[in-house]
Amino acid sequence: MNTHKYLFLGLFALSISSCNDFLDREPLDKITPESYFQTAEQLSTYALTQYNFKAHFGSGYDFGVYRDDNNTDVQVSSEGNLNRWAPGIQTVPDGDGGWTFGDIYKCNYFFDQVLPKYEGGMIQGNVADIKHYIGEMYMIRANCYFNYLKKFGDFPIIEHNIALDDKEALIKANERKPMTTVARFILSDLDKAIELMEQNASDDNKRNRLTKEAAYLLKSRVALYVGSWLNSFQGTAFVPGGQGWPGAEKDYNANVQVNVSEEIAFFLDESMKASKFIADNISLTENNLSNYEEERNPYVRMFADKDLSSYDEVIFWRAGDAASFKVGYGYAHTQGGSNTGYTRAYVNSFLMEDGSPIYSSSDYQGDELLANVKQGRDNRLVQFMKIKGEAMSKLNNGELVLFPEPQIITTAEYKSTTGYDIKKGLTMSVDDKIQNNQVVGVIEYRAAEAYLNYIEACYLRKGSIDASADKYWKAIRKRAGVSEDYRRTIELTDMSKESCLLSAYTAGKLVDKTMFNIRRERACELMSEGFRWDDLRRWRSMDQLVNTPYQVEGFKLWGEMKNWYTGLHYEGDGQGTANVSSPALSDYIRPYQIIKDNNSLYDGLKWTPANYLSPIGISQFTITSASVSDISSSPLYQNPGWPKVAGGVAESVPGF
């Protein structure tokens, strides 16, 4: 067995820190037999063990991935996210703060072992299969780096693992590369994945494995993220070379020159090309606009089916079973809102069927009752928001069980946070449910995202909607049961009335009407699919919250719907412990203004610009420094606004 020890840069702590997470972890070449990576099947197995996607539904109280948009402007939990929205709570970690490399280490180990064998013709099996599994690993590594880029921005690039005894190389490997360089490296890995992977792996006919199309979609996503980030933050400390960029303090960045305009153009072009490949070749699943309870609507069923292989729009998905990958049907579906809910601002952003915003339509029925809210609206709101009196389940005898009123005064795990409850991903079929769990497939990538990515990248790049973007936008709106005339929607849009959504802003200023409607479409199509937080950050949509806190509201409790409840108490009524917000504050329920004492979110969501990126944990500075007492020698630099002190709180960022 090969006894040479390899270690990736973050694992340098093995030799100098007894408390490092990796202290007890043997190098992979100690664990993996020398005879491994000899066959296509072994490559396949290793690649599958590196899958790290969102397909991990919770059960019982949980609502799985459909809570991934929580604590944004479109969807919230009852407790909120203090680290995100209450400046001074989030501090610089004493540990690594997520600055770890175990996942990349495993990818690089694969390449170090497999590529020489592949190039030497030493791996047994079908050549196309071998290439496909190598391609999967390139895509997996790209996804790992993308996650680090979103969290930290600038990041080290390591393509091969480093010997444990090479201290100098380990320390040098910590040098952070500009995020533009990291992003180009990610796209390079994805290009390799696209070149190597098949349309479908030979051992998968259901799209449960990564494919060429999945790599194209991830490339579309990465390139749009970086292109829009650069566009939003250019000239600031969050872009290499901008005012106060912390990378400038390091000598190894002395020659770094980034032409931001050229980089923006490059990444937007790459996003458009990758998006177009998907959008021109994969059609959207039909929405026949039938009632949810009939379960004959392919679009609705696509989010709640157990087997998603028949839905062409679904590029990559993961199968569920009774032991894992399940929606918390028992509580979320029958007894409450599973501690989440859509916000009033988000619900109000959905258009009328004719494409009019609600404030410009005489057909809008108001929000005195939940049924009125959905009347004549975008079919996505109609289908994916549950309300009192709608069918919840169909029993074997054909009898319908109906949803109750939103459970706003129960315990947190059952609670309907805003009164606007989520129905996306739920099925009425009793056969799909096992005790408290609903077994479903989990969508990882679907083609609609590529349509949306192209539209946004096109407008950012060209300042207009080209023929392809026009085609894709109309297709999405048609599927949603909304008039295809998006230009009329733009004309009717009043940005002063859309300012309740954070996405109405970039750098503290309202965006133009076309851009807002592109963002609106994205939010309405991808509701509860976990995109919102990344979108808000790359759009730089929180600057205005530094001086003007954002108050979250839900449904109109203090109108007719108050009669649905008994035992409502609010602060100042003298009746007991408050369980809802006071009507003196607003007719609409305010989930963060129920109790004032010890409530950091009572006065609204606030922001510190440092939160656009995460702080690097102090342990990473100490283990890469010549002296534990002097971290200035570390090749690392801290992210904008974060001090190099454990427990330190966010500081000001130049230009904000």
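The values are calculated or read from the model by the stated rules, or taken from the named source; none is laboratory data. Since the model is a prediction, treat every value here as computed from it, not as a measurement. Virtual Cβ from ideal backbone geometry, glycine too; neighbours counted across all protein chains shown.
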>> Looking at the structure I just gave you, is T427 at pLDDT below 85 and crowded, with 24+ Cβ neighbours inside 10 Å?
In response: yes
> Pick from P583, P591, P615: which is within 25 Å of A646 (Cβ to Cβ) and part of a loop (DSSP other than H, G, I, E, B)?
Replying inline: P615
> Are there any pairs, at least 6 apart or on different chains, whose C-beta atoms fall under 8 Å, with the first in the stretch 551-564 and over 17 Å from G80 (Cα atoms) and the second surrounded by fewer than 20 Cβ atoms within 10 Å (Cβ to Cβ) and among the small types (G, A, S), and if so, which?
Replying inline: W558/S586
>> Residue under question is A215, and the condition is that it be surrounded by fewer than 18 Cβ atoms within 10 Å (Cβ to Cβ), in contact (Cβ under 8 Å) with a residue 60 or more places away in the chain and either among the basic types (K, R) or outside the structural domain of L460 (by TED's automatic domain parsing) (or both); does it hold?
In response: no
>> Between F516, F531, which is under 23 Å from G376 (Cβ atoms), at pLDDT 95 or above and buried (at least 18 other Cβ atoms within 10 Å of the Cβ)?
In response: F516
>> Please pick out the residue among E456, E449 that is acidic (D, E), crowded, with 22+ Cβ neighbours inside 10 Å and either under 27 Å from A319 (Cβ atoms) or without any contact (Cβ under 8 Å) to a residue 12 or more places away in the chain (or both).
In response: E449
>> Any residue that is of a type outside the set (A, V, I, L, M, F, W, C), within 28 Å of the chain's Cα centre (by Cα), in a helix (DSSP H, G or I) and not assigned by TED's automatic domain parsing to the domain that holds K478 - is there at least one of those in the stretch 350-366?
In response: no
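Go through the residues of the stretch 413-423 one by one and say whether even a single one is in contact (Cβ under 8 Å) with a residue 24 or more places away in the chain, surrounded by fewer than 16 Cβ atoms within 10 Å (Cβ to Cβ), on the phi > 0 side of the Ramachandran plot and not acidic (D, E).
No, that holds for no residue.
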>> Within the stretch 553-574, does at least one residue satisfy the condition of being surrounded by fewer than 17 Cβ atoms within 10 Å (Cβ to Cβ), touching a helix residue (DSSP H, G or I) at 6+ places or on another chain (Cβ under 6 Å) and on the phi > 0 side of the Ramachandran plot?
In response: no
> Are any residues in the stretch 234-250 buried (at least 23 other Cβ atoms within 10 Å of the Cβ) and under 16 Å from S652 (Cβ atoms), and if so, which ones?
Replying inline: A237, F238, W245
>> Out of the residues in the stretch 270-293 meeting the condition of being small (G, A, S) and surrounded by fewer than 20 Cβ atoms within 10 Å (Cβ to Cβ), tell me which one is farthest from A304 (Cα to Cα).
In response: S283
>> Looking only at residues that are surrounded by fewer than 17 Cβ atoms within 10 Å (Cβ to Cβ) and among the charged types (D, E, K, R) in the stretch 251-267, which one is nearest to R540 (Cα to Cα)?
In response: E262
> Any idea which residue in the stretch 575-593 is surrounded by the fewest Cβ atoms within 10 Å (Cβ to Cβ), counting only those that are among the β-branched types (V, I, T) and modelled with pLDDT of 95 or more?
Replying inline: V580
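Residue-by-condition table, conditions (1) at pLDDT 95 or above; (2) farther than 30 Å from N200 by Cβ; (3) among the polar types (S, T, N, Q):
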{"position": "L218", "(1), (2), (3)": "yes, no, no"}
{"position": "S228", "(1), (2), (3)": "yes, yes, yes"}
{"position": "I264", "(1), (2), (3)": "yes, yes, no"}
{"position": "A274", "(1), (2), (3)": "yes, no, no"}
